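Colleague: Quick one: the structure is below, and I'll ask about it shortly.
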Amino acid sequence: IPRFMGGGNGENVGKNSALYNFYISKGASALQAREIVKHAPTYWGDQPIVEAPAYIGAVVVFLFVLALFLVKGRLKWWLVGGSILALLLSWGKNLNFLTDFFIDYVPLYNKFRAVSSIQVLLELCVPVMAVFALVKLFNDFDTNEKKLKAVKYATGITAGVALLFLLLKSTLFDFSGLRDAGYRQNYGLEFINALKEDRIRLFTYDTIRTLVLVLLSASIVYFYLKKKLSQNLVLVCFGVLILFDLIGVDRRYVNNDDFISALEVNKPFQPTEVDKEIAEDKSNFRVFDISSEGQQSPGRAPYFHNSLNGYHAAKLGRFEDLSNFYLNQLHPEVLNMFNTKYIIAEDEQGAIFKYTNEEANGNAWFISHLKTVDSENEAIQALD
């Protein structure tokens, strides 16, 4: 079920949503409401940032479950075991003992930035099992009676789980997210009620969608076993169904609106007057952008200048310590040490201006004396 936990952090819930009606009732124009609900916080899981849900496909999962009853041998258990292990590892802190064991004892496992990246193994094992299900289906390894029984079991499990969630959704889940307390404080209870209503609507829609896809998949296999469909037609039907399933979900998150012109790619930022003034200085220096735009877009200042700003997922530990302890507090001596000649800031009216620091040390300098310390903590504290 693609939006089982509400999808991503910013889902487009459309103008037929409860949130859209909420904003209209609060005086927003139709245009404003449509723009706001394009990024509705419908995700109600416990992950901090989710751009989109990981989705293999309802059709592929149905074939995977079918393979559990048709495929025999060690290869089946390797694939099933790999799928289960990858799924459990992707839970991270929700299954701490297993995650901690792998981080402490499995070589290079602690180099992964996000534990959820292990899901690539799941995305390999499940489709491979689905292919094996079709291989077994098309060959005479089992009688038609056994194959029909396997189809019934697979349909009962996959469709049964979807139907259970559909009928008991309000009993099994409360559709409340980690950030709902903050939303209630800022926007009120009426907003929370509208948000929950949209979460339930998305859950219901995708559950019905999954149920229909599973039943269509089961029907294709059933009619093949009853000699109503040829092998080639079955392959075509599953190909179309899988493409419809995956592309339909994919285009919710990657579509024509995400493509930008080559001009925008080559020139993502436009220089301000302050940028142009700083560019006239041909000496060697660094820039530190503390304006609101510079903080929201940390790649902006490095695009035009040698800058202390910037972002990378894999951070340099020592520099990150200096940034947290001193740079973000605008410590003058540390800024001088980094040869920070210009600081881009903004006044109370939001106007951008530059501050020129004449005390910047330059690219290199001679030290007058050495001070020795006993620990890393003393070293960073000694810079104050």
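The values are calculated or read from the model by the stated rules, or taken from the named source; none is laboratory data. Being a predicted model, the structure only gives us computed values, none of them experimental. Quick reminder, even Gly has a Cβ in these numbers, built from the backbone with ideal geometry, and neighbours come from all protein chains shown.
Colleague: Restricting the search to segment 38-58, which residues are surrounded by 23 or more Cβ atoms within 10 Å (Cβ to Cβ) and touching a Leu at 6+ places or on another chain (Cβ under 7 Å)?
Modeller: The answer is A40, T42, G57, A58.
Colleague: Return only the number of the condition from (1) touching a residue at least 60 places away in the same chain (Cβ under 8 Å); (2) in the same structural domain as A181 (by TED's automatic domain parsing) that G7 does not satisfy.
Modeller: It is condition (2) that G7 fails.
Colleague: If I go through segment 143-186 residue by residue, how many of them are within 25 Å of the chain's Cα centre (by Cα) and hydroxyl-bearing (S, T, Y)?
Modeller: Selection size over segment 143-186: 2.
Colleague: Of these, G177, G182, G188, which one is surrounded by 19 or more Cβ atoms within 10 Å (Cβ to Cβ), in the same structural domain as L235 (by TED's automatic domain parsing) and under 30 Å from L19 (Cβ atoms)?
Modeller: Result of the check over G177, G182, G188: G177.
Colleague: Kindly indicate which of G81, G92 is assigned by TED's automatic domain parsing to the domain that holds F203 and either at positive phi or touching a Pro at 6+ places or on another chain (Cβ under 8 Å) (or both).
Modeller: After applying the criteria, what remains is G92.
Colleague: May I pose another question? Can you tell me which residues in segment 185-213 are under 28 Å from L246 (Cβ atoms) and of a type in the set (G, A, S)?
Modeller: Selection gives nothing.
Colleague: Of all residues in segment 211-241, which are hydroxyl-bearing (S, T, Y) and farther than 28 Å from L166 by Cβ?
Modeller: Within segment 211-241, just S230 meets the criteria.
Colleague: Of all residues in segment 84-98, count the ones that are within 23 Å of E51 (Cα to Cα) and either free of Cβ contacts under 8 Å to residues at least 24 places away in the same chain or not aromatic (F, W, Y) (or both).
Modeller: The number of residues fulfilling the criteria is 9.
Colleague: Output the number of residues of segment 17-50 satisfying the condition of being in a strand (DSSP E or B) and either outside the structural domain of A181 (by TED's automatic domain parsing) or in contact with a Phe, Trp or Tyr (Cβ under 8 Å, 6 or more places away or on another chain) (or both).
Modeller: The total comes to 0.
Colleague: What residue, of N266, N328, N361, N309, is of a type in the set (S, T, N, Q), touching a helix residue (DSSP H, G or I) at 6+ places or on another chain (Cβ under 6 Å) and under 30 Å from E51 (Cβ atoms)?
Modeller: Of the residues listed, the single one that is of a type in the set (S, T, N, Q), touching a helix residue (DSSP H, G or I) at 6+ places or on another chain (Cβ under 6 Å) and under 30 Å from E51 (Cβ atoms) is N309.
Colleague: Here is a follow-up. Restricting to helices (runs of 4 or more DSSP H) lying wholly in segment 63-159: which have 3 or more residues that are out of contact with any Ser or Thr (no Cβ under 6 Å at 6 or more places or on another chain) and crowded, with 17+ Cβ neighbours inside 10 Å?
Modeller: Here the list reads 74-89, 119-138.
Colleague: Taking only pairs six or more apart or across chains, which ones have beta-carbon atoms under 6 Å, a first residue in segment 115-129 that is in contact (Cβ under 8 Å) with a residue 12 or more places away in the chain, and a second residue that is assigned to a helix (DSSP H, G or I) and not hydrophobic (A, V, I, L, M, F, W, C)?
Modeller: Taking only residues 6 or more apart or on different chains, the pairs are V115/G92; L121/G82; L122/S83; C125/G82; C125/S83; V126/S83.
Colleague: Among the residues of segment 136-167, how many are β-branched (V, I, T) and in contact (Cβ under 8 Å) with a residue 24 or more places away in the chain?
Modeller: Final tally of qualifying residues: 4.
Colleague: On to the next question. Looking at (1) in a helix (DSSP H, G or I); (2) within 30 Å of K149 (Cα to Cα), which is the only condition Y55 fails?
Modeller: Among (1) in a helix (DSSP H, G or I); (2) within 30 Å of K149 (Cα to Cα), Y55 violates only (1).
Colleague: Quick one: count up the residues across segment 247-292 that are within 33 Å of the chain's Cα centre (by Cα) and either surrounded by 13 or more Cβ atoms within 10 Å (Cβ to Cβ) or free of Cβ contacts under 8 Å to residues at least 24 places away in the same chain (or both).
Modeller: Adding up the residues that qualify gives 30.
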